[in-house]
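The values are calculated or read from the model by the stated rules, or taken from the named source; none is laboratory data. Every value quoted in this text rests on a predicted model; they were computed, and no experiment measured them. Please note: Cβ atoms are built from the backbone with ideal geometry, for glycine as well, and neighbour counts cover all protein chains shown. Just so you know, the surface numbers come from the protein's heavy atoms only, side chains and all, with ligands and any DNA or RNA stripped out. Shrake-Rupley method; radii C 1.70, N 1.55, O 1.52, S 1.80 Å.
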Amino acid sequence: MIVEERMRTFINSLDAGNTPFLDELERSALADDVPIVRKEMQSFIKTLLAIKKPQQILEVGTAVGFSTLLMCEYGREDLHITTIENYEKRIPIAKENFRRAGRESQITFLEGDAGAILKELSGPYDLIFMDAAKGQYIHWLPDVVRLLAPGGVLMSDNVLQEGELIESHYLVERRNRTIYKRMREYLFELKHHPQLTTSIIPLGDGVSLSVKEEL
Ligand SMILES: C[S@@+](CC[C@H](N)C(=O)[O-])C[C@H]1O[C@@H](n2cnc3c(N)ncnc32)[C@H](O)[C@@H]1O
């Protein structure tokens, strides 16, 4: 845990919630153990959308489409989201949710491995939301920076991994060691990349916000 539970509960208790459709989608996703953005992250995304007003968004990791639809709901009217998912079981559910929400025309849904798809995209995107395989972020970064518009924002979720990222190598389960090592490399790269200005924020499961330099 990164933030004390009582503090998290207090902050979330102030939240005004989302639309009934999104609240219901969140409930059903959580009931089915689908990992979706946490409450405090939802509020952060809504605030970022209000500040940055991105028109073209790229999301890596759709799951069942909760965060995609959250961004459609709280972003500008002409917003367009390209979102990528490779888990076959979740793809039809996400499609159905996009249809039920009446948002299909605003969403380009790409099915397959993000690593391969990112190479084919040309962008540019005003906002890129990274929320997929955490151990792959470092490998996807060159394409992600290429795809960002000048002044574009890269938001990466779960970058502090419940705080385990800073635990001793020996205290971490073997299967997580490589992921954490790669995530530490990713954060270092974000902080030292010549084209990015980055802040790492201990919110939710850790989020980093990077802004690409203007031309
Ligand atoms: C945390 S969930 C996304 C949650 C979603 N952004 C939300 O908040 O509603 C991560 C998703 O990324 C997908 N994923 C993981 N690795 C991927 C890859 N290499 N290519 C495409 N999707 C991937 C997983 O199947 C999973 O559904």
Can you give the accessible area per residue of segment 49-137, in Å², using a 1.4 Å probe? 44 Å²
Under 12 Å, Cβ to Cβ, from GLY61 - net charge with Lys/Arg +1 and Asp/Glu -1: -3
Using the Kirkwood formula on alpha carbons, the hydrodynamic radius of segment 91-173 in angstrom works out to 15.1 Å
Test of understanding: what is the full-extension gain from GLU77 to THR108, defined as 0.36 nm times their sequence separation minus their Cα-Cα distance? 9.6 nm
How much accessible area does GLU104 have with a 1.4 Å probe, in Å² rounded to the nearest 10? 110 Å²
Quote the relative contact order of segment 97-215 in percent (integer), defining contacts as alpha-carbon pairs under 8 Å separated by 6+ residues. 27 percent
Given pairs LYS46/LYS212; LYS39/LYS119; LYS119/LYS181; LYS52/LYS89 and cut-off 30 Å on Cα-Cα distance, the over-length ones are LYS39/LYS119; LYS52/LYS89
Mean projected area in nm² (Cα convex hull; one quarter of hull surface) for the chain: 12.0 nm²
GLU167 and ALA31 label points (each 7 Å along its Cα→Cβ direction) are spaced in nm at 3.2 nm
Residues whose placed amide H lies under 5 Å from that of VAL207, excluding near-sequence neighbours: VAL159, ILE201
Place the peptides 136-145, 86-95, 11-20, 193-202 in order of packing, highest mean first, counting for every residue the other Cβ atoms within 10 Å and averaging per peptide. 136-145, 86-95, 193-202, 11-20
Given labels modelled 7 Å from the Cα in the Cβ direction, how far is it in nm from MET1 to GLU24? 3.3 nm
Please get the size of the charge dipole for the chain, origin at its Cα centre, with Cβ charges of +1 on Lys and Arg and -1 on Asp and Glu, quoted in debye to the nearest 20. 280 debye
Given a 1.4 angstrom probe, I'd like the percentage of the accessible area of segment 62-215 that is carbon and sulfur, rounded to a whole number. 51 percent
Calculated on alpha-carbon atoms, Rg and Dmax of segment 1-123 in Å: 14.8, 44
